[in-house]
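Read through the structure below, which is laid out as structure tokens, and then see the notes.
The values are calculated or read from the model by the stated rules, or taken from the named source; none is laboratory data. None of the values given here were measured: they were computed from a predicted structure. Don't worry about glycine lacking a Cβ; one is built from the backbone with ideal geometry, like all the others, and counts go over all protein chains shown.
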Amino acid sequence: MPKKAKPQLSHYDASGQARMVDVSAKQATNRSATASAFVELSASVLAALPANPKGNPLEVARFAGIQAAKRTSELIPMCHPLPLTHVDVEADVVAGGVRIRATAATTGQTGVEMEALTAASVAALTVYDMTKALDKSIVIRAVQLEQKSGGKSGDYTRKK
């Protein structure tokens, strides 16, 4: 059985210079990814969420996450601009804070992990922005890829 090649960083050329990966020879396939984040909020901030004078922080966070996913290639230098076919962001109040879950999908030559991660991150930052007047000790935790499907590297699901 042949030895499996050791994984290597893909965004560097042979001389060590950063580069955008050439995906032109890759087959377009259906791809999706889901990422999450957690915004730790005090009980008093959680209780104040419905009465926020800036509007509903969870709705604003959803919209911000969707918008961010569509602009990922403008924020992350080596990301390809992708024609996203779907983006969904959920922001739910749970014990201790707000859980963010963002999903992105496309049919293309490269994956949408960065779009899902960007959506979750910006949604979490938006919850922070919308509630920071009440508490400066808000913490954003566990921005992470939950699952991805499609592409040469196959499917991935985070182990619990």
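Remarks
- Applying the criterion of being within 18 Å of L145 (Cβ to Cβ) and among the charged types (D, E, K, R) to the residues of the stretch 54-108, the residue that is nearest to the chain's Cα centre (by Cα) is R101.
- Across the stretch 122-139, the qualifying residues are those that are in a helix (DSSP H, G or I) and aliphatic (A, V, I, L, M), and the one among them that is farthest from S36 (Cα to Cα) is M130.
- Filter result for E146 (among the acidic types (D, E), at pLDDT 95 or above and in a helix (DSSP H, G or I)): no
- Search result, residues across the stretch 28-62 that are under 26 Å from R158 (Cβ atoms), of a type outside the set (A, V, I, L, M) and exposed (fewer than 14 other Cβ atoms within 10 Å of the Cβ): N30
- Qualifying residue in the stretch 88-111 (condition: among the basic types (K, R), surrounded by fewer than 22 Cβ atoms within 10 Å (Cβ to Cβ) and at pLDDT below 95): no
- One residue from Q8, Q27 being more than 22 Å from the chain's Cα centre (by Cα), at pLDDT 70 or above, closer than 25 Å to L145 by Cα and not aliphatic (A, V, I, L, M): Q27
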